[in-house]
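Asker: Structure in structure tokens, see below.
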Amino acid sequence: MVDRINAPVKFRGGGFAPKKIRFTGLIVFAVLIAFWEFGSRTGFISALVLPAPSEAFAAFMELARSGMLVKHLSASLQRVLIGWSLGASLGVLAGISIGLFSLARSGLLPLVSALFPVPKIALLPLFVIWFGIGEGSKVATILFGTFFPTIIATYSGIDNIDRSLIRMGQSFGMSWISIVRKIIIPGAMPAILSGFRISASIAIILLVAAEMIGAEYGIGAYILLAGSLMQTDQLIAGVAILSLMGLAFAWVIGRAEKILLAWR
Amino acid sequence: MRLHFEKISHQYDDVEVLSDISFATSEGEIITIIGPSGCGKSTLLRLAGGLEIARSGKVLQSGKLPQGSLNPLTYIFQDFALLPWRTVRGNISLVLEDHRLSKTQRDEIIDDVLSRTSLGEFANAWPRQLSGGMKQRVAIARALSVTPAVMLMDEPLSALDAQTRAILMDDLVSLWTREKFSALYVTHNLDEAVRLGHRIVVLSRRPGRIREIVSIDISIDERDNYPLEMTQYRNQLWELMRDEALAADRELVHG
Ligand SMILES: Nc1ncnc2c1ncn2[C@@H]1O[C@H](COP(=O)(O)OP(=O)(O)O)[C@@H](O)[C@H]1O
Ligand SMILES: [Mg+2]
């Protein structure tokens, strides 16, 4: 009991609202790399276990100077971009059909549910037989890997559209195609774009896996070679390139969200 | 144009929702439909505009359409149903784009309805920037843009707070005074029904039947001048509704 008058009411609200503090992420990065460099220089981190960041950077510069960076990077980017854009666009089309048509839903959805959880890497040998050891099998792995998550993102986005908006469109006599173009697709767009975020990172994972089989050029091939020669500095450089690639994709999708979802 | 309801009955699965509804609208008349929640008011409105088909009975149209009517039976929904990814202008444009209109004609219509609903300065706002009352004004502007013959309004003010509701009711009264639109106006709010209805159709609890149709002979724009009479109408309707509302309230929810 409070018997003293004027006792202030204790504050118990607030919290549970994490905010972004500028530059904190950058500082964490810098501190971590500085600590790592320091550890390597003092021998606290053995060069056998982990090369110093400066060595990895030197390996990267060497790669760039020799002109191999462009070769590896362009081979990888080409595979990822072709595989991902085919997988994502076919996935959006299939997802829209599942979202709109009973026949597609009944026919395709069980298939999608059955194939989605299969790691596409397991199918890689099969893709090699079907599409050849060259570009075909690599693109196909990425295509299949991004196809299914995009389908699921798209049709569940459509399923979650406010039905009253569709009813509104019908009540104004809008044509079927107008309802799809102007209500259903924009309504599913947030879900489709967040599906793209997921499928872009899946694409990078599958890229590396696919490039580890019979690829002359590609970041994955470079990492595999570095690993088998115990060139850990090159390996770290390759991993950093992949990480930058992922960040670049995320940035592009973020831009697309800013533009396409300006209404939010 | 008039809408005739002829012996409308409707079921969902084995739940009877509406039973033997017959009445007709007249031109320039607002009919308010009032009844306890779940009595089938929204269903009746969906049947009226062709969004659903009655199990038995018919909804018929007669008479001439207003000139340039693009969508004779036009809804105004309780939840506004504005596309969040289109501006105020874009939301109105949406319902015109499927019609054979040039861009100029479309812009003229949009500007016209925006000024009739005093929304001009909000033309480029996003729905998320608007208050509930403003959103419903946009929905009204959108409905006016297709020159409806009968407006089908399903609890258009129910999502709004009491003050906003009073303001929008005034807006509707002045809109009717200027334009003499015809409407079926569903509500569960007695004040709205009495304020806006030329005739008030009182439905029973589910299955909704017509208990009574009450005509109010005082012109809509003059009702403020007859507080005594309006109170009498209100009390008469409340007498009709009270038992139904009580009984409906004590019913178990189906399903
Ligand atoms: N699509 C539907 N399927 C099954 N039952 C429905 C459907 N729509 C409405 N109902 C039922 O019909 C009854 C009347 O609904 P409704 O017309 O929305 O009532 P009101 O608008 O008067 O509150 C309710 O019991 C509701 O649960
Ligand atoms: Mg209702």
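The values are calculated or read from the model by the stated rules, or taken from the named source; none is laboratory data. Keep in mind that this is a model prediction, so the values were computed, not measured. Note that we place each Cβ from the backbone using ideal geometry, even for glycine, and neighbour counts take in every protein chain shown. When the accessible area is computed, the model is the full protein with side chains, heavy atoms only, and any ligands, DNA or RNA have been set aside. Shrake-Rupley method; radii C 1.70, N 1.55, O 1.52, S 1.80 Å.
Asker: Just checking, which of B:GLY28, B:GLY50, B:GLY57, B:GLY68 is assigned to a loop (DSSP other than H, G, I, E, B), more than 13 Å from chain A (Cβ to nearest Cβ) and either in contact with a strand residue (DSSP E or B) (Cβ under 9 Å, 6 or more places away or on another chain) or within 16 Å of ligand 1 (Cβ to nearest atom) (or both)? Reasoning before the result, please.
Answerer: Working: B:GLY50 fails: more than 13 Å from chain A (Cβ to nearest Cβ); B:GLY57 fails: assigned to a loop (DSSP other than H, G, I, E, B); B:GLY68 fails: either in contact with a strand residue (DSSP E or B) (Cβ under 9 Å, 6 or more places away or on another chain) or within 16 Å of ligand 1 (Cβ to nearest atom) (or both).
Exactly one residue qualifies, and that residue is B:GLY28.
Asker: Which one of B:VAL95, B:VAL17 is in contact with a Cys (Cβ under 9 Å, 6 or more places away or on another chain) and either under 30 Å from A:GLU257 (Cβ atoms) or hydrophobic (A, V, I, L, M, F, W, C) (or both)?
Answerer: Going through B:VAL95, B:VAL17 in turn, the sole match is B:VAL17.
Asker: Checking the condition within 13 Å of ligand 2 (Cβ to nearest atom) and in a strand (DSSP E or B), which residue from B:ILE33, B:ILE21, B:ILE8 passes? Full working, then the answer.
Answerer: Working: B:ILE21 fails: within 13 Å of ligand 2 (Cβ to nearest atom); B:ILE8 fails: within 13 Å of ligand 2 (Cβ to nearest atom).
Only one candidate passes the filter, namely B:ILE33.
Asker: Considering B:GLU52, B:GLU27, B:GLU16, which residue is open to solvent by 20 Å² or more (accessible area, probe 1.4 Å), over 14 Å from the mean Cα position of the chain (by Cα) and within 15 Å of ligand 2 (Cβ to nearest atom)? So that I can check it myself, show each step before the final result.
Answerer: Details: B:GLU27 fails: within 15 Å of ligand 2 (Cβ to nearest atom); B:GLU16 fails: within 15 Å of ligand 2 (Cβ to nearest atom).
Just a single option satisfies the conditions, and that option is B:GLU52.
Asker: For the stretch B:61-98, enumerate the residues that are open to solvent by less than 50 Å² (accessible area, probe 1.4 Å) and over 21 Å from the mean Cα position of the chain (by Cα).
Answerer: B:PRO84, B:TRP85, B:ARG86, B:THR87, B:GLY90, B:SER93
Asker: If you don't mind, there's one more thing I want to ask. Residues of the stretch A:168-181 being open to solvent by 20 Å² or more (accessible area, probe 1.4 Å) and at the interface with chain B (Cβ under 7 Å from one of its Cβ atoms), which ones?
Answerer: Pass one, the stretch A:168-181, residues open to solvent by 20 Å² or more (accessible area, probe 1.4 Å): A:170, A:173, A:175-177, A:181.
Those that are open to solvent by 20 Å² or more (accessible area, probe 1.4 Å) and at the interface with chain B (Cβ under 7 Å from one of its Cβ atoms): A:GLN170, A:GLY173, A:SER175.
Asker: Would you point out the residue of the stretch B:156-181, among those that are open to solvent by less than 20 Å² (accessible area, probe 1.4 Å) and within 16 Å of ligand 2 (Cβ to nearest atom), that is nearest to B:SER26 (Cα to Cα)?
Answerer: The extreme case among them is B:PRO156.
Asker: Hey, another quick one. Looking only at the stretch B:36-47, which residues are part of a loop (DSSP other than H, G, I, E, B) and either open to solvent by 40 Å² or more (accessible area, probe 1.4 Å) or over 15 Å from B:THR187 (Cα atoms) (or both)? Even if it seems obvious, please write down each step before you answer.
Answerer: So the first thing to find is which residues in the stretch B:36-47 are part of a loop (DSSP other than H, G, I, E, B), and the list is B:36-40.
Residues satisfying the conditions are B:SER37, B:GLY38.
Asker: Test B:ALA141 against the stated conditions and say whether it is under 19 Å from the mean Cα position of the chain (by Cα), among the hydrophobic types (A, V, I, L, M, F, W, C) and assigned to a helix (DSSP H, G or I).
Answerer: Values: under 19 Å from the mean Cα position of the chain (by Cα): yes; among the hydrophobic types (A, V, I, L, M, F, W, C): yes; assigned to a helix (DSSP H, G or I): yes.
Judged against the criteria, B:ALA141 is a match.
Asker: Which one is nearest to B:SER42 (Cα to Cα), of the residues in the stretch A:123-167 that are of a type outside the set (S, T, N, Q) and within 14 Å of chain B (Cβ to nearest Cβ)? Can you show your working first?
Answerer: Of the residues in the stretch A:123-167, the ones of a type outside the set (S, T, N, Q) are A:123-136, A:138-140, A:142-145, A:147-149, A:151-153, A:155, A:157-159, A:161-163, A:165-167.
Cutting the leftovers down to within 14 Å of chain B (Cβ to nearest Cβ) gives us A:157, A:161-163, A:165-167.
Values: A:GLY157: 27, A:ILE161: 21, A:ASP162: 18, A:ARG163: 15, A:LEU165: 16, A:ILE166: 17, A:ARG167: 13 Å.
Selected residue: A:ARG167.
Asker: For the structure I just gave you, tell me whether B:VAL150 is crowded, with 18+ Cβ neighbours inside 10 Å and touching a strand residue (DSSP E or B) at 6+ places or on another chain (Cβ under 9 Å).
Answerer: Working: crowded, with 18+ Cβ neighbours inside 10 Å: yes; touching a strand residue (DSSP E or B) at 6+ places or on another chain (Cβ under 9 Å): yes.
So B:VAL150 fits the description; yes.
Asker: For the stretch B:145-255, which strands (runs of 3 or more DSSP E) that fit wholly inside it have 1 or more residues that are under 24 Å from B:LEU65 (Cβ atoms)? Steps first, please.
Answerer: Working: elements: B:150-154, B:182-187, B:199-203, B:210-215.
In the stretch B:145-255, B:150-154, B:182-187, B:199-203 are the strands (runs of 3 or more DSSP E) which contain 1 or more residues that are under 24 Å from B:LEU65 (Cβ atoms).
Asker: Which residues, taken from the stretch A:190-211, are within 14 Å of chain B (Cβ to nearest Cβ) and touching a helix residue (DSSP H, G or I) at 6+ places or on another chain (Cβ under 6 Å)? Quick ask: steps written out before the conclusion?
Answerer: Let us first name the residues in the stretch A:190-211 that are within 14 Å of chain B (Cβ to nearest Cβ), namely A:190-193.
A:ALA191, A:ILE192, A:LEU193 - these are the residues of the stretch A:190-211 that are within 14 Å of chain B (Cβ to nearest Cβ) and touching a helix residue (DSSP H, G or I) at 6+ places or on another chain (Cβ under 6 Å).
Asker: Can you find a residue in the stretch A:42-56 that is assigned to a helix (DSSP H, G or I) and closer than 18 Å to A:LEU225 by Cα? Step through it out loud before you land on a result.
Answerer: Going residue by residue through the stretch A:42-56, those that are assigned to a helix (DSSP H, G or I) are A:42, A:53-56.
Checking the rest, the ones that are also closer than 18 Å to A:LEU225 by Cα come to A:55-56.
So far as the stretch A:42-56 goes, yes, one or more of its residues are assigned to a helix (DSSP H, G or I) and closer than 18 Å to A:LEU225 by Cα.
Asker: If you don't mind, another one. Can you tell me which condition A:GLY145 does not meet? The list is (1) open to solvent by 50 Å² or more (accessible area, probe 1.4 Å); (2) closer than 30 Å to A:TYR217 by Cβ, and all the others hold.
Answerer: Condition not satisfied by A:GLY145: (1).
Asker: Can you tell me which of B:LEU101, B:LEU119 is open to solvent by less than 10 Å² (accessible area, probe 1.4 Å) and at negative phi? Write out each step before concluding.
Answerer: Details: B:LEU101 fails: open to solvent by less than 10 Å² (accessible area, probe 1.4 Å).
Only one candidate qualifies: B:LEU119.
Asker: Conditions first: (1) at pLDDT 95 or above; (2) buried (at least 18 other Cβ atoms within 10 Å of the Cβ). A:ALA104 passes all but one, so which condition is the exception?
Answerer: (2)
Asker: Would you call B:GLU6 open to solvent by 10 Å² or more (accessible area, probe 1.4 Å) and closer than 22 Å to B:SER69 by Cβ? Let's see the steps before the verdict.
Answerer: Details: open to solvent by 10 Å² or more (accessible area, probe 1.4 Å): yes; closer than 22 Å to B:SER69 by Cβ: no.
No; evaluated as a whole, the condition is false for this residue.
Asker: Within the stretch B:210-228, does at least one residue satisfy the condition of being without any contact (Cβ under 8 Å) to a residue 60 or more places away in the chain, in contact with an Asp or Glu (Cβ under 8 Å, 6 or more places away or on another chain), over 23 Å from B:GLY38 (Cβ atoms) and hydroxyl-bearing (Ser, Thr, Tyr)?
Answerer: Within the stretch B:210-228, none of the residues are without any contact (Cβ under 8 Å) to a residue 60 or more places away in the chain, in contact with an Asp or Glu (Cβ under 8 Å, 6 or more places away or on another chain), over 23 Å from B:GLY38 (Cβ atoms) and hydroxyl-bearing (Ser, Thr, Tyr).
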